[in-house]
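The values are calculated or read from the model by the stated rules, or taken from the named source; none is laboratory data. Bear in mind the structure is a predicted one, so any value in this text is a computation, not a measurement. Here the Cβ positions follow ideal geometry from the backbone for every residue, glycine too, while neighbour counts run over all protein chains shown. Accessible surface areas use protein heavy atoms only, side chains included; no ligands, DNA or RNA. Shrake-Rupley method; radii C 1.70, N 1.55, O 1.52, S 1.80 Å.
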Amino acid sequence: MNLIKGFQTSTIRSAIKPEIFHLILFPTEQCNFRCVYCYEDFEIGAMEPWLIQAIKQFLDNKIPQLKVLSLSWFGGEPLLAKNTLFELAEYAFKLAKNNNVKLKGDLTTNGLLLDIKTLKRLAELNQASFQISIDGDAEHHDTTRITRTGKGSFDKIWNRLLDASNTDLDFLINLRVHVTALNQASVHHFCKRYEQHLKHDKRFKLFFKAIEDLGGEKQEKLTTLLDAGKPREVAAELQQQYSPVPDKGNYICYAAKPNSLAIRANGNLNKCTVALKDDHNHIGKILPNGRLEVANEKFSTWLSGFEGLDAWKLGCPHSFFKSQQAKLKKQVDDLNIPIIEVA
């Protein structure tokens, strides 16, 4: 493996190649779930017609420069806006085909609306890689990943997975299994269920992740799920058991890459899909003519990890910024400068 400061040279090249472009789209920022640890506020609705047309124009302008176009669909729940998602995905599919550009795509979805008709259409459009979160077996999942109406969601999601497995469609579903301070026995129960029904199907993979504090207003409920060490240990052990991750060198986050950009449902441009309320993450907007208006100073800070191939800045630039802000605040607090009130 050819490494530079712990990074594969191929990873670095693909992160900076201008002929590769990763576009993250939020067709809507509404959601049919109200997960107890969610950091989103659901204040923004679905994309308006002007924005859909602007994105099409942006793609028209961008596609001649590309060899690979990768689309990621985010929300809220992107499948709440299926018409918008399909309209843009079909447009990109035809555009890529006509320009001999490789197209691929993925969705971050809760899985509730991923019926076979939807799955088939997405597979036909090369948008068939999915991340679906599971919080253990039904008895725990239904206490944390609840619908907007307050109901549990496990049984319906599980049936969607079984239905998908019973097809011959070409897709990949990554089941992101959350491990918390409270659900470890339930996670093991889910793993046994997976072994019995889905392990034989190579289109399904398990990815274990300890719950983290990503912000938001649900701190009281979130605190009960956090634990400094045990969930991470359990997640690491289960990952090794069910789906060992090969060593590919240091990771480069999409937010650190110059060839990755997110367009939110209101037309704002972001680098990160987590720090949605952070002004530093608001780097510009798309105009009705498809042109981008970008604050270059903000944009460039997200790419600063490439200057010295800093593993932290490239692995998660947002967490690096947060740590620097906390460090600066502590330095200011330690100075103990008195506040002068102005009459």
>> Being farther than 21 Å from K199 by Cα and not aliphatic (A, V, I, L, M) narrows it down to one residue among R160, R145; which is it?
In response: R145
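For segment 248-278: of the residues being of a type in the set (K, R) and at pLDDT below 95, which is surrounded by the most Cβ atoms within 10 Å (Cβ to Cβ)?
Start the filter on segment 248-278 by keeping residues that are of a type in the set (K, R), which leaves 248, 257, 264, 271, 277.
Now narrow it down to the ones that are at pLDDT below 95: 248, 277.
Values: K248: 11, K277: 13.
The qualifying residue surrounded by the most Cβ atoms within 10 Å (Cβ to Cβ) is K277.
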> In segment 36-57, what residues are over 18 Å from L125 (Cβ atoms) and modelled with pLDDT of 95 or more?
Replying inline: I44, G45, A46, E48, P49, W50, L51, Q53, A54, Q57
> Has segment 230-247 got at least one residue that is open to solvent by 10 Å² or more (accessible area, probe 1.4 Å), modelled with pLDDT under 95 and among the aromatic types (F, W, Y)?
Replying inline: yes
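Criterion first (open to solvent by 10 Å² or more (accessible area, probe 1.4 Å), of a type outside the set (D, E) and more than 13 Å from F33 (Cα to Cα)) does L122 satisfy it? Give the derivation first.
Working: open to solvent by 10 Å² or more (accessible area, probe 1.4 Å): no; of a type outside the set (D, E): yes; more than 13 Å from F33 (Cα to Cα): yes.
Spelling it out, it is not the case that L122 is open to solvent by 10 Å² or more (accessible area, probe 1.4 Å), of a type outside the set (D, E) and more than 13 Å from F33 (Cα to Cα).
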> Among T84, T9, which is the only one that is crowded, with 18+ Cβ neighbours inside 10 Å, out of contact with any Lys or Arg (no Cβ under 8 Å at 6 or more places or on another chain) and of a type outside the set (D, E, K, R)?
Replying inline: T84
> So, in segment 279-308, of the ones that are in a loop (DSSP other than H, G, I, E, B) and open to solvent by 30 Å² or more (accessible area, probe 1.4 Å), which residue ends up nearest to N268 (Cα to Cα)?
Replying inline: L287
> What residue, of K62, K104, is out of contact with any helix residue (DSSP H, G or I) (no Cβ under 9 Å at 6 or more places or on another chain), of a type outside the set (A, V, I, L, M, F, W, C) and closer than 28 Å to C38 by Cβ?
Replying inline: K104
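Those residues that are hydroxyl-bearing (S, T, Y) and open to solvent by 10 Å² or more (accessible area, probe 1.4 Å), I need them from segment 14-53; list them, please. Can you show your working first?
Here is the first cut: in segment 14-53, the residues hydroxyl-bearing (S, T, Y) are 14, 28, 37, 39.
Once the filter is applied, which keeps residues that are hydroxyl-bearing (S, T, Y) and open to solvent by 10 Å² or more (accessible area, probe 1.4 Å), segment 14-53 yields S14, Y37, Y39.
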